[in-house]
Amino acid sequence: MTVTIGSLTFDRASYDARGDVLYLHVGDPQEAAGSEETPEGHVLRFDAEGEVIGLTIINAKWLLERDHAINVTVPERVAVGPDALAEALAAA
């Protein structure tokens, strides 16, 4: 499964239904060297070279139900619709 958000493509996803948190990863999940909160409250994770290795989307299903899209700044602001995340969110 792949999820593309803006110019980033994530090839791994896990969803915590209880916390409504979607974790997207590039490759196998790994410890981040750094992280940055997006203006929308999500978290981008970076490796030691500054490349994005993960994205944590907080309140994923709730936002899709309320807004019919999730806005994420990565670094450009993009809207991600329910179809792009359906498979990842159903994985729980």
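Observations
- Ratio of Rg to Rh over the stretch 1-46 (Cα coordinates, Kirkwood Rh, two decimals): 0.94
- Farthest positive-ward along the chain dipole, Cα basis, beta-carbon charges - from Gly81, Met1, Gly54: Gly81
- Using θ = phi - 60° and Karplus 6.51 cos²θ - 1.76 cosθ + 1.60, couplings along the stretch 24-37 (whole Hz; Gly, Pro as x): 10, 9, 9, x, 5, x, 9, 5, 7, 7, x, 8, 8, 7
- Sequence-distant residues sharing a close amide H with Asn71 (under 5 Å, placed H): Val80
- Identified option (computed log10 I(q)/I(0) by the Debye sum over Cα atoms at q = 0.12, 0.13, 0.15, 0.19 Å⁻¹; candidates [x] -0.38, -0.45, -0.58, -0.87; [y] -0.44, -0.50, -0.62, -0.89; [z] -0.31, -0.37, -0.50, -0.82): [z]
- Using the Karplus relation 6.51 cos²θ - 1.76 cosθ + 1.60 with θ = phi - 60°, the per-residue 3J(HN,Hα) values for the stretch 42-49 come to 8, 10, 8, 10, 10, 8, 4, 8 Hz, with x marking Gly and Pro.
- Look at the alpha carbon pairs under 8 Å that are at least 6 residues apart: their mean separation over the length of the chain gives a relative contact order of 30 percent.
- Averaged over its residues, the stretch 8-52 has an accessible area of 60 Å² per residue, based on protein heavy atoms and a 1.4 Å probe.
- Computed in the context of the full set of protein chains, the accessible area of the chain at 1.4 Å probe radius has 48% of its extent on carbon or sulfur.
- Listed peptides 50-61, 15-26 appear in the order 50-61, 15-26 once ranked by packing, highest mean of other Cβ atoms within 10 Å at the front.
- Nitroxide proxy distance, nm - points 7 Å out along Cα→Cβ at Thr4 and Asn71: 2.3 nm
The values are calculated or read from the model by the stated rules, or taken from the named source; none is laboratory data. Keep in mind it's a predicted model, so treat the numbers as computed, not measured. Cβ atoms come from the backbone with ideal geometry, glycine included; neighbour counts cover every protein chain shown. What goes into the accessible areas is simple: the full protein's heavy atoms, side chains included, and nothing from ligands, DNA or RNA. Shrake-Rupley method; radii C 1.70, N 1.55, O 1.52, S 1.80 Å.
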